[in-house]
Amino acid sequence: MDPISFSIIVVSLNTKQDLKITLKSIFKQNFRKYEIIIVDGKSVDGSIDLIKNLKKKNVKKIIEKDKGIYDAMNKGLKKIKNNWVIFLNSGDVFYKKNTLTNVKKCILNNRNADIIIGKNVLSNKPNRLTKFKRISKNTYSSSFSHQSIYFKKKIFEYKKYNINYKIAADFELMKYLYYKNYKIIYSNYVFSSSKPEGISDKKRFIAIREFYKISRKYDKSLFLNLWYYNNIVYIIIVNLLKLILPKEMILLVLKLKNYIK
């Protein structure tokens, strides 16, 4: 078996300060067998100068227009050489400086694993874990954080991100891998920290429609339809409440939803 090594793909577009934070997190890792592939979609905020000034030998740079985040990620995949792949977008960071060491332990303890999934916390609330559930046939939306997933390189020889999905292509990939019986290992380690309010939170209608469309490929049950319409109604109600209720009351409603969940 080849020695364990990582290809870290970092996607950036006009996120210079967040990119600095992400790169700093990577450079602090005490496990050094990694390469960084930065994919920038022609930023205009100084990010390109930051990227070009990186002189480290293990940093690869792609600076060109793309068709969105998943297209950029696919471009990064064309450059990988190491046997495990992780995606950290600008603003995402490794949870601790020994994160890659912990991932290596998981790999060594699970030699047949194709995918290792750890936990994630919010950067503004480091003690609060984000959603972390095992994927199943009844999983209709993202159930863990993309920045805490480690993939074997061989996966991407057969499957890339579907750029027809603007928000949920990572979910589409995981559903595909689940139904193709790739070996998924779930770890209790916290692997990453991410900023709150990602794109799927900001564009809930689009996200729910994409989750539904992807799930329909594998499940056409009444339960899926109920899940979809329940979420649509919930989003409508929340948007209406935002128009008529004070901000403090909205926060209370959202906290209650998360608690019940």
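The values are calculated or read from the model by the stated rules, or taken from the named source; none is laboratory data. Not measured: the values here are computed from a predicted model. Cβ coordinates were reconstructed from backbone atoms using ideal geometry, including for glycine residues, and neighbour counts include every protein chain displayed.
From the residues in region 185-201 that are of a type outside the set (S, T, N, Q) and modelled with pLDDT of 75 or more, which one is surrounded by the most Cβ atoms within 10 Å (Cβ to Cβ)?
Looking only at region 185-201, we keep the residues that are of a type outside the set (S, T, N, Q), and these are 185-186, 189-191, 195-199, 201.
Those still in the list that are modelled with pLDDT of 75 or more too: 185-186, 189-191, 195-196.
Values: ILE185: 16, TYR186: 15, TYR189: 17, VAL190: 19, PHE191: 25, LYS195: 15, PRO196: 11.
Filtering region 185-201 for residues that are of a type outside the set (S, T, N, Q) and modelled with pLDDT of 75 or more, the one surrounded by the most Cβ atoms within 10 Å (Cβ to Cβ) comes out as PHE191.
Can you confirm whether region 46-53 contains a residue that is surrounded by 13 or more Cβ atoms within 10 Å (Cβ to Cβ), out of contact with any Cys (no Cβ under 9 Å at 6 or more places or on another chain), outside any helix (DSSP H, G or I) and at pLDDT 95 or above?
To start, the set of residues in region 46-53 that are surrounded by 13 or more Cβ atoms within 10 Å (Cβ to Cβ) comprises 47-48, 50-51.
With out of contact with any Cys (no Cβ under 9 Å at 6 or more places or on another chain) added as a condition, the list becomes 47-48, 50-51.
Now narrow it down to the ones that are outside any helix (DSSP H, G or I): none.
Looking for residues that are surrounded by 13 or more Cβ atoms within 10 Å (Cβ to Cβ), out of contact with any Cys (no Cβ under 9 Å at 6 or more places or on another chain), outside any helix (DSSP H, G or I) and at pLDDT 95 or above, one finds none in region 46-53, hence no.
Here are some residues: GLY76, GLY46, GLY41. Which one is touching a residue at least 12 places away in the same chain (Cβ under 8 Å), at positive phi and either not acidic (Asp, Glu) or not assigned by TED's automatic domain parsing to the domain that holds SER148 (or both)?
Numbers: GLY76 fails: at positive phi; GLY41 fails: at positive phi.
Just one listed residue meets the conditions, GLY46.
Within region 54-67, how many residues are assigned to a strand (DSSP E or B) and over 25 Å from PRO3 (Cα atoms)?
2
Results for (1) modelled with pLDDT of 95 or more; (2) closer than 24 Å to SER12 by Cα; (3) not assigned by TED's automatic domain parsing to the domain that holds GLU35, shown as yes or no for each residue.
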site	(1), (2), (3)
THR99	yes, yes, no
ASN102	yes, no, no
LYS105	yes, no, no
ALA113	yes, no, no
GLY118	yes, yes, no
LYS125	no, yes, no
LEU129	no, no, no
SER142	no, yes, no
LYS154	yes, no, no
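On the given criteria, is SER7 in contact with a Leu (Cβ under 9 Å, 6 or more places away or on another chain) and modelled with pLDDT under 95?
Details: in contact with a Leu (Cβ under 9 Å, 6 or more places away or on another chain): yes; modelled with pLDDT under 95: no.
Answer is no for this residue.
Go through ILE9, ILE4 for me and flag whichever is of a type in the set (Val, Ile, Thr) and more than 23 Å from LYS65 (Cβ to Cβ). I'd like the intermediate steps shown before the answer.
On the way: ILE9 fails: more than 23 Å from LYS65 (Cβ to Cβ).
Answer to the selection: ILE4.
I'd like to check something: does region 114-127 contain any residue that is surrounded by fewer than 16 Cβ atoms within 10 Å (Cβ to Cβ), farther than 22 Å from LEU173 by Cβ and among the hydrophobic types (A, V, I, L, M, F, W, C)?
no
What is the one condition in (1) part of a helix (DSSP H, G or I); (2) of a type outside the set (A, V, I, L, M, F, W, C); (3) surrounded by fewer than 14 Cβ atoms within 10 Å (Cβ to Cβ) that TYR70 does not satisfy?
Status for TYR70: all satisfied but (3).
Filter region 131-180 down to the residues that are acidic (Asp, Glu) and more than 11 Å from the chain's Cα centre (by Cα), then identify the one that is surrounded by the most Cβ atoms within 10 Å (Cβ to Cβ).
Within region 131-180, the first condition is being acidic (Asp, Glu), and the residues that meet it are 157, 170, 172.
Keeping just the survivors that are more than 11 Å from the chain's Cα centre (by Cα) gives 157, 172.
Numbers: GLU157: 9, GLU172: 21.
Per the stated criteria, the residue is GLU172.
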